[in-house]
Amino acid sequence: MLQITDIPVEGYECVKRAIDTQSGLHAIISVHSTVLGPALGGMRMWPYESETEALTDVLRLSKGMTYKAACAGLELGGGKSVIIGDPAKKTDSLFESMGEFVESFGGRYITAEDVNTKVEDMGVVRRRTEHVVGLEGKSGNPSPYTAWGVFLGLRAALEEVYGSDDLKDKVVALEGAGSVGSRYAELIAERGGRIVVADIKEESARRVAEATGGTVVRPEEIRSIPCDIYAPCALGGSLNDETIPQLKARIVCGAANNQLLEPRHGMALRERGIVYGPDYVVNAGGLINVYNELVPGGYDEQRAMKMMEKIYTNMKQIFAISREEGICTSVAADRFAERRIESARTRAEA
Ligand code: NAD
């Protein structure tokens, strides 16, 4: 029997926990905001040490989704869910129970795959709720679309710094040769950019280097090599007190989430004259793609690709706000998103 209880959190529309002793489910869903539309965000499974740790994560992630969707111009709010548990011990009954939990939000929260959950798991969730996207046979793997969006963001950043988006002989230091990084590297190399790549899985780095005519360096070297662009496509937090002084790049533009260890690191980049493409602005391509499953008429790749062009125009606007207001691009992105949410709220209240 699924037991659902409220967790009141200031600044969040609705946060709930679910416990089901039969299936073993212990999960939290956080709906940060539905001002722009239903709150879409992935379902993460992680062996959190405590519920407090899981709560901290889901709150941060759901708020991030609000900003990401707002910046991308989508009719979507921000939400996220976390299952506290060992991903090696997944069962159908766990995901069916989770489906019931999602269903209890009546469409205010829409789920999708995320860290440690897969398309197959979403298929099980679908048995109990229709509020799930990213299913087999629909919008497909988001990674190539995310890579395309990051590439569009990079074009805007190149224009900001060099006055042209020409990549010929620009050196790109790519950290993380995974699903997004490998495709991003191809897009850059096809336009004459030179790839230097590092991955903790050396084999992955070597594969990308071979495909792009690039070279491999060790992970501990990638942030300090001479280059034009640093592209973080691995984990978050890579822009911090230790790494920012080492960077030789003029641009930072990559797919990783939460690249700034702390918000103040956005200003630290600006003070060093480095142009930063805010992570949630440039990595929204996958979200834009999956959102297109919800648009009347269903998923259409051409329409999704057209919508992704917004990433380029948004970056132009964010650079303009940053210049005019003398603030770093990460703060400019937050203001850009907040203005869109506020104007929707004002319209709704009028
Ligand atoms: P992935 O797991 O396929 O690739 C990540 C790669 O980074 C792996 O090859 C891993 O070995 C490598 N790596 C991990 N730590 C490293 C380190 N310290 N140094 C060098 N390499 C390291 O993941 P992905 O789907 O390509 O996503 C990459 C990043 O982009 C993640 O932060 C993810 O949250 C973010 N992101 C992905 C998508 C998407 O559509 N996949 C969308 C938005 C954001």
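The values are calculated or read from the model by the stated rules, or taken from the named source; none is laboratory data. Remember, predicted model here, so these are calculated numbers, not experimental data. Cβ placement follows ideal geometry from the backbone for every residue including glycine, while neighbour counts extend to all protein chains displayed. Note: areas computed on protein heavy atoms with side chains; ligands, DNA, RNA excluded. Shrake-Rupley method; radii C 1.70, N 1.55, O 1.52, S 1.80 Å.
A count restricted to region 149-191 and to residues that are outside any strand (DSSP E or B), within 16 Å of the ligand (Cβ to nearest atom) and either of a type in the set (A, V, I, L, M) or outside the structural domain of residue 218 (by TED's automatic domain parsing) (or both) stands at 8. Considering (1) touching a helix residue (DSSP H, G or I) at 6+ places or on another chain (Cβ under 9 Å); (2) surrounded by 24 or more Cβ atoms within 10 Å (Cβ to Cβ), the lone condition that residue 173 does not fulfil carries the number (1). Of the residues screened, residue 226 is not one that is under 21 Å from residue 248 (Cα atoms) and within 12 Å of the ligand (Cβ to nearest atom).
For residue 194, the conditions (1) away from the ligand (no atom under 15 Å from the Cβ); (2) touching a Leu at 6+ places or on another chain (Cβ under 8 Å) are fulfilled apart from (2). Inspect region 119-126 for any residue being over 20 Å from residue 41 (Cα atoms), in a helix (DSSP H, G or I) and of a type in the set (Asp, Glu) and give the result as yes or no. Within region 119-126, none of the residues are over 20 Å from residue 41 (Cα atoms), in a helix (DSSP H, G or I) and of a type in the set (Asp, Glu).
Consider residue 219 carefully, then state whether it is part of a loop (DSSP other than H, G, I, E, B) and near the ligand (Cβ under 9 Å from one of its atoms). Taking the combined requirement at face value, the residue satisfies it. The residues of region 295-314 that are surrounded by 18 or more Cβ atoms within 10 Å (Cβ to Cβ) and among the hydrophobic types (A, V, I, L, M, F, W, C), listed by number, are 304, 307, 308, 311.
As a summary of the residue check, residue 206 satisfies the conditions (1) surrounded by fewer than 22 Cβ atoms within 10 Å (Cβ to Cβ); (2) within 25 Å of residue 61 (Cβ to Cβ) except for the one numbered (2). Here is a list: 237, 181. Which entry is open to solvent by less than 30 Å² (accessible area, probe 1.4 Å), modelled with pLDDT under 95 and small (Gly, Ala, Ser)? Testing whether each residue is open to solvent by less than 30 Å² (accessible area, probe 1.4 Å), modelled with pLDDT under 95 and small (Gly, Ala, Ser) leaves just 237.
Quick check: is even one residue across region 52-60 touching a residue at least 12 places away in the same chain (Cβ under 8 Å), in contact with a helix residue (DSSP H, G or I) (Cβ under 9 Å, 6 or more places away or on another chain) and either open to solvent by less than 30 Å² (accessible area, probe 1.4 Å) or not in a strand (DSSP E or B) (or both)? So far as region 52-60 goes, no, none of its residues is touching a residue at least 12 places away in the same chain (Cβ under 8 Å), in contact with a helix residue (DSSP H, G or I) (Cβ under 9 Å, 6 or more places away or on another chain) and either open to solvent by less than 30 Å² (accessible area, probe 1.4 Å) or not in a strand (DSSP E or B) (or both).
Just one residue in the set 221, 175, 186 is farther than 23 Å from residue 242 by Cβ and either basic (Lys, Arg) or at pLDDT 95 or above (or both); that residue is 186. Identify, please: which residue in region 252-306 is outside any loop (DSSP other than H, G, I, E, B) and among the charged types (D, E, K, R) and is, among those, nearest to the ligand (Cβ to nearest atom)? Once the filter is applied, the top-ranked residue is 279.
Candidates 293, 262: the one that is more than 19 Å from residue 114 (Cβ to Cβ) and not aliphatic (A, V, I, L, M) is 262. When we screen 127, 108 for residues that are within 21 Å of residue 29 (Cβ to Cβ) and surrounded by fewer than 17 Cβ atoms within 10 Å (Cβ to Cβ), the only hit is 127.
Residues to consider are 300, 241, 334; find the one that is acidic (Asp, Glu) and touching a residue at least 40 places away in the same chain (Cβ under 8 Å).
334
Residue 168 passes every criterion in (1) surrounded by fewer than 16 Cβ atoms within 10 Å (Cβ to Cβ); (2) modelled with pLDDT under 95 apart from (2).
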